[in-house]
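Worksheet: the structure to be examined is printed underneath.
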Amino acid sequence: MTFAPGTLAFTKYEGLGNDFVLIDNRIAAEPVLSGDQAAAVCDRHFGVGADGVIFLLSAAADADFGMRIYNNDGSEAQMCGNGIRCLAHFARELGIAGTGGGYRVETGAGILNIALLADGRVRVDMGPPRLLADEIPTTLVPAEQKVVAASIPVGGLDWRVTCVNMGNPHAVVFVDELATVDLHRFGPLFERDRHFPERINTHFAEVISPTHLRVKVWERGAGPTLACGTGACAVLVAAVLNGLSHTEATVELPGGPLEIRWDGATNRLLMTGPAHKVFSGLL
Ligand SMILES: N[C@@H](CCC[C@H](N)C(=O)O)C(=O)O
């Protein structure tokens, strides 16, 4: 679909500094921008500048709307945790009627429930983690096994990685001192390592306490970001699987904290955090 310059409305939002261009896409069944066009919009010098573009679409009967996301390299991702919190505020701004004080959103991770809290934060039921190698996907271990503290050679060093899929794929590496990790050297090497056929989001995490995890993020298709919501859920799950944290913890990202809980009864992750509007404009 093509648009005359200055005719496509957008609103920019951010969640802990993970920033997105949001577009009301209910006029069409497919995103109105291609991946390449989205990449151009995300360019921080020649475009609006963002980590990704998120489209609000009309949804199936049992959801209030749908979400699709392109990273700033133009690749499409299945899910976006910080972005879905931004989308909740965007939907309210558009006057979309929701469900029970929040919204049901159709995503690549299934239909997810989101609640807008009185203090402006958003609580998202992120669904269950997928843990088998075949579900990540990765070839690091046999398909039917979980990937917990698996050995992987990257950049000439041997690392221990735990993998979690939250609709999108994540690798979590626990380190003793986060400040010593060269994110710009090892992030890209993990992202495109041969063991990850769909690439991978990578999170280097330091355990401050069993209820406080500190993280650096290298995102698939976006590089270093200030926060990753799906990644924060993956870090909490990985920490529990490695006996390093409780099932509820603060995950501290460079852009700020997210409250993450892995519910033992439902096996679902709950993520709570902020989202703020930055400005609106026309592309
Ligand atoms: N930052 C997002 C994740 C965006 C997609 C990710 N880069 C991928 O390609 O899977 C989040 O907050 O989850």
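The values are calculated or read from the model by the stated rules, or taken from the named source; none is laboratory data. Being a predicted model, the structure only gives us computed values, none of them experimental. So basically every Cβ, Gly included, is an ideal-geometry build from the backbone, and we count neighbours across all protein chains shown.
Within the set G156, G101, G167, the sole residue that is among the small types (G, A, S) and surrounded by 13 or more Cβ atoms within 10 Å (Cβ to Cβ) turns out to be G167.
A single entry from G243, G187 fulfils the requirement of being within 16 Å of the ligand (Cβ to nearest atom) and outside any strand (DSSP E or B): G187. Within region 204-219, the set of residues being more than 10 Å from the chain's Cα centre (by Cα) and either within 11 Å of the ligand (Cβ to nearest atom) or within 22 Å of R44 (Cβ to Cβ) (or both) comprises K216, V217, W218. A149 meets the conditions (1) touching a helix residue (DSSP H, G or I) at 6+ places or on another chain (Cβ under 9 Å); (2) within 20 Å of W262 (Cβ to Cβ); (3) surrounded by 19 or more Cβ atoms within 10 Å (Cβ to Cβ) in every case but one. The failed one is (3). Taking (1) hydrophobic (A, V, I, L, M, F, W, C); (2) in a strand (DSSP E or B); (3) surrounded by fewer than 19 Cβ atoms within 10 Å (Cβ to Cβ) in turn, M126 satisfies each apart from (3). Just to confirm my filter: which strands (runs of 3 or more DSSP E) fall fully inside region 16-110 and include at least 1 residues that are acidic (D, E), within 11 Å of the ligand (Cβ to nearest atom) and within 15 Å of the chain's Cα centre (by Cα)? By residue number, 18-24. Of all residue pairs spaced 6 or more apart or on separate chains, those with beta-carbon atoms under 8 Å, a first member in region 205-232 that is more than 16 Å from M271 (Cα to Cα) and a second member that is near the ligand (Cβ under 9 Å from one of its atoms) and aliphatic (A, V, I, L, M) are V217/A227; R220/A77; R220/I200; G221/A77; P224/V217; T225/V217; L226/L16; L226/V217.
Count, please, the residues in region 93-109 that happen to be at pLDDT 95 or above, more than 16 Å from F20 (Cβ to Cβ) and not hydrophobic (A, V, I, L, M, F, W, C).
So the count comes out to 4.
When every residue of region 130-143 is checked against the conditions, none turns out to be assigned to a strand (DSSP E or B), in contact with a helix residue (DSSP H, G or I) (Cβ under 8 Å, 6 or more places away or on another chain) and in contact (Cβ under 8 Å) with a residue 12 or more places away in the chain. Screening T230, T250 for residues that are within 9 Å of the ligand (Cβ to nearest atom), under 19 Å from V122 (Cα atoms) and either at pLDDT 95 or above or part of a helix (DSSP H, G or I) (or both) leaves exactly one candidate, T230. On the stretch given as region 179-188, residues that are within 21 Å of the chain's Cα centre (by Cα) and surrounded by fewer than 15 Cβ atoms within 10 Å (Cβ to Cβ) total 1. Please verify whether region 113-128 includes one or more residues that are over 21 Å from V21 (Cβ atoms) and in contact with an Asp or Glu (Cβ under 7 Å, 6 or more places away or on another chain). Within region 113-128, one or more residues are over 21 Å from V21 (Cβ atoms) and in contact with an Asp or Glu (Cβ under 7 Å, 6 or more places away or on another chain). The number of residues in region 160-170 that are of a type in the set (A, V, I, L, M) and either more than 17 Å from R199 (Cα to Cα) or free of Cβ contacts under 8 Å to residues at least 60 places away in the same chain (or both) comes to 1. Report yes if some residue within region 240-249 is in contact (Cβ under 8 Å) with a residue 40 or more places away in the chain, at negative phi and crowded, with 24+ Cβ neighbours inside 10 Å; otherwise report no. Within region 240-249, not a single residue is in contact (Cβ under 8 Å) with a residue 40 or more places away in the chain, at negative phi and crowded, with 24+ Cβ neighbours inside 10 Å. A single entry from L16, L56, L8, L22 fulfils the requirement of being farther than 21 Å from G229 by Cβ, crowded, with 18+ Cβ neighbours inside 10 Å and of a type outside the set (G, A, S): L8.
Residues V172, V181: which one is more than 16 Å from the ligand (Cβ to nearest atom), hydrophobic (A, V, I, L, M, F, W, C) and on the phi < 0 side of the Ramachandran plot?
Step by step, each of V172, V181 is checked, and only V181 is more than 16 Å from the ligand (Cβ to nearest atom), hydrophobic (A, V, I, L, M, F, W, C) and on the phi < 0 side of the Ramachandran plot.
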